[in-house]
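Encoded as structure tokens, the structure appears first; notes follow it.
The values are calculated or read from the model by the stated rules, or taken from the named source; none is laboratory data. From a predicted model like this one, the values you see are computed outputs, not experimental measurements. Please note: Cβ atoms are built from the backbone with ideal geometry, for glycine as well, and neighbour counts cover all protein chains shown. All accessible areas refer to the heavy atoms of the entire protein, side chains included, with ligands and DNA or RNA removed. Shrake-Rupley method; radii C 1.70, N 1.55, O 1.52, S 1.80 Å.
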Amino acid sequence: MDIIIIGAGPAGIQAAIHAARAKASVTIAGKMIDSAMHGTHVENYFGIGKADGTDMLRIGMQQAKAFGAKHIDEDITEMECSGDLFTVTTENETKITSGSIIIASGVARKRLNVRGEKEYFGKGVSYCASCDCNFYKGKRVAIIGDGSEAAASAELMTRYASYVFWITKDTRTSETMINKAKNAGVEIIDENVVEIMGKDKKVTRIMFSDSSMVNVDGVFIELGARSSSDLAMDVNVIPNTDGTIPVNDKCETSVKGVYACGDVTGKPFQIAKAVGQGAIAGINASEYTKGGRK
């Protein structure tokens, strides 16, 4: 495989179109439903009066596939590099090796939007289990989310916390990830969280829609796929303090063979910018892989 693209939004799909047209072998990994463009109405994109964002993603993916790109409708949970090759692992534990990676999965941390979330942010509420796991050794924690990020975080926290709850109402990840969490000792609760509660400026419990509660010391809100900044660090790319990934005018990161485009590179968060950077990343990644990765 020449190029693996992480993210099935406008940046990732456009990168795939350009790279596949250049005869590179390309795989896109990611779920279109997780793109910020999914379900939106578009009216400020060149040449288009009004359009449905979901339709644009679907048509774009069809274009990419027509040029030879493949699409895996799964999140990437891990990345690693060995020499000048990169290997990614999907949520079903499929491993794919390539000569180049394009990170196009966005950076936005989705909020739960419940009472107490803002009040206790940094005081027991976190949006990154892999970042804050060490603070919860021997503690009781809850992971809230339905996707692969929540499943991976729940399994991870069993190595640190004394007890781990995974709160998921509509699980959207593979049986493999669910079973890994269960086998690690995670208790899965099928409920909606309506409030995060605390005392003395620390989280102490969460309340569900049926008014029942569980006592916890920490709450990790993980509502999507593993973040771009987390994945970038797997291959030694250091993100900015705000989670964005610095790139040059070729969409190259500080690591040879790793490119980034779209929202993950920072503002403005616009489709036009995402598509433009996607084209640049796709062209340069294909040239890199075909040029002997020098």
*asked:* Here's a check for you: in region 74-103, which residue that is closer than 21 Å to Thr173 by Cα and free of Cβ contacts under 8 Å to residues at least 60 places away in the same chain is nearest to the chain's Cα centre (by Cα)?
replied: Thr89
*Residues that are modelled with pLDDT of 90 or more, assigned to a loop (DSSP other than H, G, I, E, B) and either among the charged types (D, E, K, R) or farther than 26 Å from Asp230 by Cα (or both), drawn from region 49-79*: Phe67, Gly68, Asp73, Glu74, Asp75
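Would you be able to say whether some residue in region 41-53 is out of contact with any Asp or Glu (no Cβ under 8 Å at 6 or more places or on another chain), within 18 Å of Val275 (Cα to Cα) and crowded, with 20+ Cβ neighbours inside 10 Å? First the steps, then the outcome.
We begin by selecting, within region 41-53, every residue out of contact with any Asp or Glu (no Cβ under 8 Å at 6 or more places or on another chain); these are 43-48, 52-53.
Restricting the remaining residues to those that are within 18 Å of Val275 (Cα to Cα) gives 43-48, 52-53.
Checking which are crowded, with 20+ Cβ neighbours inside 10 Å leaves us with 53.
For region 41-53, residues out of contact with any Asp or Glu (no Cβ under 8 Å at 6 or more places or on another chain), within 18 Å of Val275 (Cα to Cα) and crowded, with 20+ Cβ neighbours inside 10 Å: present.
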*asked:* Being open to solvent by 40 Å² or more (accessible area, probe 1.4 Å), in contact (Cβ under 8 Å) with a residue 60 or more places away in the chain and more than 19 Å from the chain's Cα centre (by Cα) is true for just one of Lys123, Lys118, Lys182. Which residue is that?
replied: Lys123
*Quick one: count up the residues across region 226-243 that are touching a helix residue (DSSP H, G or I) at 6+ places or on another chain (Cβ under 6 Å) and farther than 26 Å from Lys137 by Cβ.*
1
*Those residues of region 166-177 which are assigned to a helix (DSSP H, G or I) and crowded, with 18+ Cβ neighbours inside 10 Å, in sequence order*: Met177
*asked:* Take Gly60 and tell me if it is open to solvent by less than 50 Å² (accessible area, probe 1.4 Å) and under 30 Å from Thr241 (Cβ atoms).
replied: no
_Positions within region 248-294 being more than 15 Å from Asp84 (Cα to Cα), of a type in the set (Val, Ile, Thr) and touching a residue at least 24 places away in the same chain (Cβ under 8 Å), in sequence order_ = Val264, Ile271, Val275, Ile280, Ile283
*asked:* Here are the criteria: (1) open to solvent by less than 50 Å² (accessible area, probe 1.4 Å); (2) out of contact with any Cys (no Cβ under 8 Å at 6 or more places or on another chain). Tell me which single one Ala104 does not satisfy.
replied: (2)
*Output the residue which, of all residues in region 139-165 that are over 17 Å from Thr89 (Cβ atoms) and among the polar types (S, T, N, Q), is most open to solvent (accessible area, probe 1.4 Å).*
Ser162
*Taking region 237-272 on its own, how many of its residues are open to solvent by 10 Å² or more (accessible area, probe 1.4 Å), on the phi < 0 side of the Ramachandran plot and small (Gly, Ala, Ser)?*
2
*Could you tell me whether region 10-27 includes any residue that is at pLDDT below 95, surrounded by fewer than 24 Cβ atoms within 10 Å (Cβ to Cβ) and of a type in the set (S, T, N, Q)?*
no
